[in-house]
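Bear in mind these aren't lab numbers, they're just calculated from the coordinates by the rules spelled out. Because the structure is predicted, anything quoted here is derived from the model rather than measured. Reconstructed Cβ throughout: ideal geometry from the backbone, glycine too, with neighbour counts over all protein chains shown.
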Amino acid sequence: MDGLPNDRLTKKAYGRILKNVRNLKHCSQEKLAEACFSCRRTIVDIETGKIAPNPSLRVEFAKVLSNPILEYFPQYSIGQFSQRLKIRFQHEKSASKYFLNVINQKDLDSFQEVFYLYKMASHQKDNVLMLLLDEYLHTRIMNAHPDETIRILVERYRQDYIEFFKIWIPQLNFNISLGQNPIHLNIFKAILEQNQSKLTEAIHLHLINSLNDIERIINALLSD
């Protein structure tokens, strides 16, 4: 397994997660260093975002603190997200045009049911179900894109984004409000109305909202 990207944002994010997990386990820096065959200075430098831990040290952190996240922290740079989001939604806009051209009544009936489930999940704040329906929505749109290479690229970028927001962000312990629910509802509505302009606009708003989320997280990391 490769080391973490050596950029400031990713190092600060990992350091914050390590510190949060260590405190939850009531483990001092000295105790963690001893258990991981390291030194306290190294733990301090990692937790303050000065250095990135090597793969073997991440394995030791995960084992000692019983938290696999410390081993499998993203191998990609957080700073790459904004550009990846722009690429992802550029292709999703293109895919949406193909999608609306081939959608049939059976598809619309299926989307109507999913739309109802998403509204219900949103009302009940069922994040697990919302994530599954979100996956269904974006996968169906992108599957209509004729270029397989682009479909694979967008899928990878989207999974990285979901992993970061659903797994890593809670570990960072930030008080950041993320609100994608109305945007997904608008995407569903545009599909059901088979309205290309509304669908393009909803996807664009999804991009803007996601970029704003990333900016808030980056600012929180840099000001920490």
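For Phe89, what is the net charge nearby, where nearby means another residue's Cβ is under 13 Å from its Cβ and Lys, Arg count +1, Asp, Glu -1? With Lys, Arg at +1 and Asp, Glu at -1, the net is +3.
P(r) for the range 8-70, from all Cα pairs and a bin width of 10 Å, is 25, 65, 10 %, short bins first. Within the shell of other residues whose beta carbon sits under 13 angstrom from the beta carbon of Ile141, the net charge comes to +1, with Lys and Arg scored +1 and Asp and Glu -1. Shape verdict for the chain, please, from the Cα gyration tensor: rounded (a/c under 1.5), prolate (a/b greater than b/c) or oblate. Note, shape of the chain comes out prolate. Where only DSSP H runs of four or more residues are counted, the chain gives -23500 deg cm²/dmol as its mean residue ellipticity at 222 nm, each run worth -39500 (n - 2.57).
Here Thr48, Thr149, Thr200 are placed in order of increasing Cβ neighbour count within 10 Å, fewest first, which gives Thr149, Thr48, Thr200.
Taken along the Cα-to-beta-carbon direction at a fixed 7 Å, the label points for Asn54 and Leu131 span 3.3 nm. Taking all Cα pairs closer than 8 Å and separated by 6 or more residues, the relative contact order of the range 80-223 comes to 38 percent.
Taking other Cβ atoms within 10 Å as a rough exposure proxy, Lys19, Lys50, Lys106 sort from fewest to most as Lys106, Lys50, Lys19. Extension gain for the segment Ile169 to Arg40, taken as residue separation times 0.36 nm less the Cα-Cα distance, is 43.8 nm to one decimal.
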